[in-house]
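> My questions all concern the structure below.
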Amino acid sequence: MSSKPHFVLTPLMSPGHYIPMMDMAKLLAEQNTLVTIILTPLVAQRMKPITDRAISSGLPIQILLLSFPTLEAGLPDGCETVDTIPSMSFYKNFLHALELLQHPYEQLLQNLNPKPNCIIVGKQLAFSAQTADKFNIPRIVFDGMNCFTLVCSHSLHLSKIFETLGEDDPFIVPGLPDKIQLTHRQLPGDFNPGQVDVKEIRERIREGEEKAYGVVINSFKELEPKYVKELKKIRGDNVWCIGPLSLCNNDDRDKAVRGNVSSINENQCLNWLDKQKPSSVIYACLGSLNRLTPPQLIELGLGLDLSTHPFIWVIRGANKPEEIENWIKENKFEERVKHKAIVVRGWSPQVLILSHPAVGAFLTHCGWNSSIEGISSGLPMICWPLFGEQFLNEILIVDALGIGFRVGAKGVTHIGDEEKYGVTVSRERVSEEIRKVMNEDEDGKEMRKKARELGKMAKMAIEKGGSSYLNLIMLVNQIKKMLN
Ligand code: UDP
């Protein structure tokens, strides 16, 4: 039997899950382990540039393909990932497709040589709880969230405090070390599901999560010490904060191809950034899943323009891209701002941009990957949460860490329901919050200083001897012990 533990990683098919899991694979492979990543074809294709680079650098990583049951699950052709689901009416089918993966997934595991010693899986692949029992191996879950969110969710699940309240009635989340105020409208899908009824599947996922051997978290102890402690009280000691995972990409080329092929030429982008003053550029990107309506997206663009700072605006994700394109052309927007801005259509090399010294602030939807990537780059943030657990991340960024301002989003915009909400954030508000973050007054300076300090702490956590580095070694050693 090999003395190296063999980890098999299988992410949920969504960029916010498979991108950090690929980083995790690299970090594990650097610790004298064998790593297999199981990817579905579309994800493997998007990740090819980064997986090729990792493998050719000599890391012991192999990729296995698992075909995605698109047609069997009643999904339209080409729909293999969360960002390719055409509308929420197909969400249930997508979750069903995940369940259909059990048999082929187990066959892949069965044929592996050497045998797997530990599986790390996206939490949503609930069937893997049975798989782990069958193969008698530890199963560690990953769902891309921080400890603060997991602790809040646990309390909400136990207390159900929101159930008797109106959707805008504020309440305090019970039993937490801090006074955390929320409304029902701001809660993640488990507690605020919108029209799509997937209660049963959600419950299976939750039970599967509870049964897991442990959980890996893309965060670091120094960022949220109280909540790491609280989560360990809930889950026991097998909670490993091993982030920020994106910091394993030191090379510009690795940063540029992380997640997909960029829609802009990375050298042009870097040359442009090199010409800007230090800490002057606003980077605005609302993640990989958002489907803002054209009027709301246009308002964001106009807010960036109004702010007078140079900016990079990522417009991927509009739910009607042709309308946005027409607006840009008719209003000569790109021409008008070209002396001070870049407009990115499609995939942006986010980590490459964020780590450039010319970037001064990040306008983000508070997806946890984006948030921790902003934190790792020492940047203050302008927060525009949209859905999922993003309102909780906003509280962490603005209230707990003091490194961001809110654009004033009031509640979850359910994916697919965007048209109903209209324009909720004005260009004036966007520009005002940018002004506050970039301001030369004491508040602005203090916020930027805090953000820089957190950035340094993040880097220390992942370096040799840092808290996340040691946690990763502890995790590997724990699995190694089981080999004997
Ligand atoms: N991302 C990127 N380029 C883009 C959009 C997103 O590199 O144009 C990456 C981003 O760096 C992050 C991930 O995609 O790692 C998005 O995850 P997050 O949790 O922030 O949000 P989600 O997309 O899941 O809403």
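> Send over the semi-axes of segment 373-484's equivalent ellipsoid, whole angstrom and largest first, taken as the square roots of 5 times the C-alpha gyration tensor eigenvalues.
Square roots of five times the eigenvalues give 35, 22, 8 Å.
> Continuing with this model, one more query. For segment 289-447, report the translational diffusion coefficient in µm²/s to the nearest whole number, using Stokes-Einstein at 10 °C, 1.306 mPa s, and a Kirkwood Rh over Cα pairs.
99
> Against the longest alpha carbon principal axis of the chain, how many degrees, from 0 to 90 and to the nearest 10, is the axis of helix 442-462 turned?
That works out to roughly 20 degrees.
> Moving on. Relative to the longest principal axis of the chain, what angle (0 to 90°, nearest 10) does the C-alpha long axis of helix 91-100 take?
Tilt relative to the chain: about 20 degrees.
> When only the heavy atoms of the protein chains count and the probe is 1.4 Å, how do Asp77, Asp133, Asp305 rank by accessible area, highest first?
So, going from the largest accessible area down, we get Asp77, Asp133, Asp305.
> Sorting Ile140, Ile201 by accessible area (1.4 Å probe), largest first, what list results?
Values: Ile140 0, Ile201 25 Å².
Final ranking, largest accessible area leading: Ile201, Ile140.
> Next up: Using only alpha carbon pairs under 8 Å that are at least six residues apart, calculate the relative contact order of segment 120-257 and give it in whole percent.
Numbers: 161 pairs, mean separation 37.1, N = 138.
With pairs under 8 Å counted, the relative contact order is 27 percent.
> Across 10 Å bins from the origin, how do the percents of Cα pairs in the chain run, short distances first?
Percent of Cα pairs in each bin: 4, 20, 32, 28, 13, 3, 0.
> Mind scanning Lys233/Lys480; Lys338/Lys420; Lys255/Lys450; Lys199/Lys436; Lys115/Lys456 and naming the pairs with a C-alpha gap bigger than 30 Å?
Result: Lys338/Lys420; Lys199/Lys436; Lys115/Lys456 exceed 30 Å.
> Next question. Before rounding to the nearest 500, sum -39500 (n - 2.57) across all DSSP H runs of length at least 4 in the chain and divide by the residue total; then give [θ] at 222 nm in deg cm²/dmol.
Result for the chain, helices only: -13000 deg cm²/dmol.
> Which value in Å is the Kirkwood Rh of segment 218-361 over different Cα pairs? Working shown, then result.
Numbers: mean 1/r = 0.0584 Å⁻¹.
Mean inverse Cα-Cα distance, inverted, gives 17.1 Å.
> Given the whole protein assembly as supplied and a 1.4 Å probe, what does the accessible area of Arg448 come to in Å², nearest 10?
40
> Per q in 0.12, 0.13, 0.22 Å⁻¹, report the Debye log10 I(q)/I(0) for segment 1-143, using one uniform scatterer on each alpha carbon and no solvent.
-0.46, -0.54, -1.47
> With an 8 Å Cα cut-off and a minimum separation of 6 or more residues, compute the relative contact order for the chain in percent.
On the way: 860 pairs, mean separation 77.7, N = 484.
That works out to 16 percent.
> Each residue of segment 372-381 in order: what ³J(HN,Hα) in whole Hz does its phi give by Karplus 6.51 cos²θ - 1.76 cosθ + 1.60, θ = phi - 60°, with x for Gly and Pro?
6, 5, x, 4, 4, 8, x, 9, x, 10
> Now, a different point. Any idea what angle helix 467-481 forms with the longest principal axis of the chain, computed on alpha-carbon atoms, 0 to 90 degrees, nearest 10?
In the chain, helix 467-481 runs at an angle near 20 degrees to the longest axis.
> Run the 1.4 Å probe and let me know the accessible area of Ser246, rounded to the nearest 10 Å².
Result for Ser246: roughly 10 Å² accessible.
The values are calculated or read from the model by the stated rules, or taken from the named source; none is laboratory data. Predicted, not measured: the structure shown is a model, and the values here were computed from it. These area figures cover heavy atoms from the full protein model, side chains too; ligands, DNA and RNA do not enter into them. Shrake-Rupley method; radii C 1.70, N 1.55, O 1.52, S 1.80 Å.
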